[in-house]
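Have a look at the structure below before the remarks.
We did not get these values from a lab; they are worked out from the coordinates using the rules stated. None of the values given here were measured: they were computed from a predicted structure. Virtual Cβ from ideal backbone geometry, glycine too; neighbours counted across all protein chains shown.
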Amino acid sequence: MDVYKDNILDGMIYTFHFQKFSAPAAHSMLTQMIGSEACTLQYVEGLYKRIEDKKFSLMKPHLLDMPDHILENVVKELDEESRIIVRKTCKKLRAHADNHHRRLEELNVFFNKTERSVSLHLNNLAVYYFEEEEGCLVQFYNPFFSNKVKKRSKFIEGEMKQLVTQDLKTILVNPKLEIEELEIEKEDGIDAQYLKKRVIRIKQRQL
């Protein structure tokens, strides 16, 4: 869905231009409608010129409208958390995110029976998934701080097992990602077999 600018005045001037009113006529009607201090004739003429030069639109600019080389430079500088999120948004951004070789020294998946959680640890990011009655609480941490400083958290509807698997798949299917070591750890008694099989299958398809 398109998102429009908040400036109603620009929209009115745009409408007058579309209806073929001259700039002075548009300014005169605006003055009658909303007062003489709303805008000047110079402002109306300037906006008319921007419209005619195709440098003005009622729609707000979209990230995907940026040139490819700028998008690629932006995505290249993202941290791990942002990169994971971007790769799940659309094919174009995922392609930019996957266009550079990346290396993880270690990807660790840990199952905690006591907390009913699963955590992913990679580079400068730790993601914790906590199972709850109506969904899953996902929390992002910076693992380099001893007191485990939380960056942000969100609640997502759905089973924890499926959410973890989806995020792991998002990481592992990147064709230019090199993982030095993949570890899957669990406390005794918690069933991690389903996810372990999925991780192994995903990794094998990547190799």
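What to note about this one:
- For the range 10-34 versus the range 115-143, the gap between their alpha-carbon centres in whole angstrom: 55 Å
- Ranked for footprinting exposure by Cβ neighbours inside 10 Å, fewest first, H69, H100, H27, H17 give H69, H100, H17, H27.
- Cβ-derived FRET efficiency at R0 35 Å, N112 paired with H69, nearest 0.05: 0.20
- Mean projected area in nm² (Cα convex hull; one quarter of hull surface) for the range 8-52: 2.6 nm²
- With 28 Å as the limit on Cα-Cα distance, the pairs of K55/K176; K20/K55; K76/K161 that go past it are K55/K176; K76/K161.
- Panel order for V109, V74, V164, by other beta carbons found within 10 Å of each beta carbon, from fewest to most: V74, V109, V164.
- Calculated FRET efficiency for the pair I8/L182, C-beta based, R₀ 41 Å, to 0.05: 0.15
- Cβ crowding within 10 Å ranks C136, C90 as C90, C136, fewest other Cβ atoms first.
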